[in-house]
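Below is one structure, written out as structure tokens, with a few remarks after it.
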Amino acid sequence: MSSDSSREENVYLAKLAEQAERYEEMVEFMEKVAKTVETEELTVEERNLLSVAYKNVIGARRASWRIISSIEQKEDSRGNSDHVSIIKDYRGKIETELSKICDGILNLLEAHLIPAASLAESKVFYLKMKGDYHRYLAEFKTGAERKEAAESTLVAYKSAQDIALADLAPTHPISDWGLLLTSLFSTMRISPSGLLTSMTKLVMISRKPRKRCRKLMNKPNHHLRSDKIRSME
């Protein structure tokens, strides 16, 4: 079987897995496709399939982590130390899964997708994706690991911003995102500790039309709440 037919078959299998909501398998099929970029860059469809696969796999674990963390806080406030200990162990299992998923796509991006990207749109897409998965790590990591993930998030988003502003038309959808990042970086003092709040604002606003984006970007940060993290993609 030729590499072209193998790639086409894996794309088709990924679509089948998506319809069946078997996202772990969808990830496996699209990883195989992504590793063929040395001969041909991913198409827009393939790129989106990869993104959808990972977003669904990571999304389920992020939701689980939020639920378990909330229960842990409630049990801790009630002084149920035995329950808290059990929950911490269970939360650790979820965090291990989250780390594995994030490391998987980050390695794929670093080793294959970003180096092979020739179009500005592709570069911005992959760099934003890189920032997203470092951000997901920053959601549950602590201490130095959280700081490192937060800083990596900012570096990836800033790199995507620079390319979007330099090489993409102002009317391009990704350029809208670049415009928001420009405003975010120029009007807000971002530190690792404030990263998630800042990124929450960015994701929330990026769903609005451009005219409303400019207006909302000027609103003070006190309108944001920590529970808004649930709306982040």
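Laid out as a table, the results:
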| read-out | value |
| --- | --- |
| Cα-based shape type of the range 1-116, given that a ≥ b ≥ c are square roots of the gyration tensor eigenvalues and the cut on a/c is 1.5 | prolate |
| Quotient of Cα Rg and 2.2 N^0.38 Å for the range 77-129, N being how many residues it contains | 1.86 |
| Residues E151, E8, sorted so that the one with the fewest Cβ neighbours within 10 Å comes first | E8, E151 |
| Rough spin-label spacing in nm, given labels placed 7 Å along Cα→Cβ, for I86 and A20 | 3.5 |
| Residue order, fewest to most beta carbons within 10 Å, for I86, I163 | I86, I163 |
| Nearest-0.05 FRET efficiency for S99 and K74, computed from C-beta distance (R0 22 Å) | 0.30 |
| Ranking of H112, H134, H83 by count of other Cβ atoms within 10 Å, fewest first | H83, H112, H134 |
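Read the figures in this text as sums done on the coordinates, not as results from a lab. All values reported here derive from a predicted model rather than from experimental measurement. Every residue, glycine as well, gets a Cβ built from its backbone with ideal geometry; the counts of neighbours run over all protein chains shown.
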